[in-house]
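Quick note: the coordinates plus some simple rules give every number you see, no bench work behind them. Nothing here was measured: the structure is a model prediction, and the numbers come from that model. Backbone-built Cβ (ideal geometry, glycine too); neighbour counts: all protein chains shown.
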Amino acid sequence: MNYYLGIDCGGTFIKAALFDQQGNMSACMRKNVEVISEKAGYAERDMAQLWLICAEVIRQTIRESKVNPQKIKGVGISAQGKGAFLLDKQKKPLGRAILSSDQRSLNIVCQWQQEGIQEKLYPLTRQTLWTGHPVSVLRWIKENEPERYAKIGSILMSHDYLRFCLTGELHCEETNISESNLYNMQSGKYENELAEILGLSGILENMPPIIAPDQVAGYVTSEAAKLSGLAEGTPVVGGLFDVISTALCA
């Protein structure tokens, strides 16, 4: 019997569940993940800690199921969307992740709305403006933490980051990045015009390649295998923005 591991990283918990090929669940474990709010309106997460908790939950799930890790034939991740999980040019966490519930960019979003930016974006992105969008977070960092902004190597979101930790491969998954306001819904590609409208010219150089939800993004590395209990070489697919996965499962 073959098995498949699902991981979900939400606003409160990260959990992992193991299913056989008929869809029967063998085990499911979860653990709380802290949201750090040192200032009013801030919602951050320690990226290194998040990965360690994820690996621990995977390990506990495999142990609880008593399934041989070699029988696990694939891993998929759904997660809270938007926000920004930044890596530096050495592929290390660049400060804390800023979650989609963070409100620090409210003044920027209000200014964009007053300038009619939303009307320029919507025909291409099918998105409104919101403080949780990666572009709002990035513009805030550019204006308030320019040294950090200059060090950005890669821009990810939650499940992109966890997938990177498992595989060492950098991608942005389509159902998530399509709601970033940097993605042209008509072409299915990043759009320089969008970045320029938002005052983020050049930022697309830091956006990893786009990957489909069911596309194999990479394989579990030896380091990730040691931490998580998964077998080295296990395939990991692109995954899904959690809202999209909910609709799909419904």
### Query
Has the stretch 72-89 got any residue that is hydroxyl-bearing (Ser, Thr, Tyr) and buried (at least 19 other Cβ atoms within 10 Å of the Cβ)?
yes
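Scan the stretch 151-172 for residues that are assigned to a loop (DSSP other than H, G, I, E, B), surrounded by fewer than 21 Cβ atoms within 10 Å (Cβ to Cβ) and touching a Gly at 6+ places or on another chain (Cβ under 8 Å) and jot them down.
Going residue by residue through the stretch 151-172, those that are assigned to a loop (DSSP other than H, G, I, E, B) are 151, 157, 168-171.
Those left that are additionally surrounded by fewer than 21 Cβ atoms within 10 Å (Cβ to Cβ): 151, 168-169.
Correct list: Gly168, Glu169.
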Checked the stretch 119-150 for anything of a type in the set (Ser, Thr, Tyr), touching a residue at least 12 places away in the same chain (Cβ under 8 Å) and not in a helix (DSSP H, G or I); matches are Thr131
Taking the stretch 214-250 and keeping only residues that are without any contact (Cβ under 8 Å) to a residue 12 or more places away in the chain and within 18 Å of Thr175 (Cα to Cα), one is left with Thr246, Ala247, Leu248, Cys249, Ala250
Out of curiosity, is Ile211 under 30 Å from Lys142 (Cβ atoms), among the aliphatic types (A, V, I, L, M), crowded, with 18+ Cβ neighbours inside 10 Å and in contact (Cβ under 8 Å) with a residue 60 or more places away in the chain?
no
- Message: Can you confirm whether Ile197 is buried (at least 18 other Cβ atoms within 10 Å of the Cβ), of a type in the set (Val, Ile, Thr) and under 21 Å from Gly153 (Cα atoms)?
- Response: no
Filter the stretch 229-250 for residues that are surrounded by 15 or more Cβ atoms within 10 Å (Cβ to Cβ) and at positive phi; the one that is nearest to the chain's Cα centre (by Cα) is Gly239
Kindly evaluate Ile108 against the criterion of being within 20 Å of the chain's Cα centre (by Cα) and within 19 Å of Leu182 (Cβ to Cβ).
no
